[in-house]
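Step one of this worksheet: look at the structure below.
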Amino acid sequence: MDSLLDTLPELVEHIASFLPHAHVVFCLRPLCKQTVALLSSPEYKHVRISQSCPSFAFNARWGHETALTQLSQGQRQQVLNLVAASGVTQNMECLMGVMADRAETSSVLTSAAKAGHRDMVDYLVEKGFNVEDSNALRAAAGATAMTRGPTGVTG
């Protein structure tokens, strides 16, 4: 007897269309051989670090010091900025746990604020990422989040 996935691939693709991209890559695709085969196109094989990513997957890739050793200071700064823009505080916490230096803190806060992630801005300020006007960044993050709506899509 065929599995449900063999007979209804459209159902899997339909479900995938409602999930965040990284969740399709890290949670749905690896479920079984059929979902790996069905979701084998390039868009289901890569995730940008600036996208919301499940913490278990982020930790597996970035949660150890050796993940950052081959990166230059500028690249480490870029990783911090991109994770801040993703808005996933658990991933930022993981990253900060393995980074010896925090580099340019105002750009990290600005990245979070521009992406509309007030929770991330609050978290970073709490963790010592200070700029002179962190209240302005919080307000900007809140205003950006309000214009994007609940799905994060401007409209």
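What follows draws every value from the coordinates through simple rules; no lab data is involved. All figures in this text were calculated on a predicted structure; none of them were measured in a lab. Because the Cβ atoms are built from the backbone with ideal geometry, glycine has one as well, and the counts that use them run over all protein chains shown.
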Please list 40-47, 112-119, 90-97 highest first by mean number of surrounding beta-carbon atoms within 10 Å per residue.
112-119, 90-97, 40-47
If every alpha-carbon in the stretch 4-44 counts as one equal scatterer, what log10 I(q)/I(0) does Debye give at q = 0.26 1/Å?
-0.87
Ordered by packing density, taken as the mean number of other Cβ atoms within 10 Å over each peptide's residues, highest first, how do 75-88, 17-30, 49-62 rank?
75-88, 49-62, 17-30
Projected onto their principal axes, the Cα atoms of the stretch 2-120 stretch, largest extent first, over whole-Å spans of 54, 31, 20
Report, in debye and to the nearest 20, how large the dipole of the stretch 1-84 comes out about its Cα centre when Lys and Arg carry +1 and Asp and Glu carry -1 on their Cβ.
400 debye
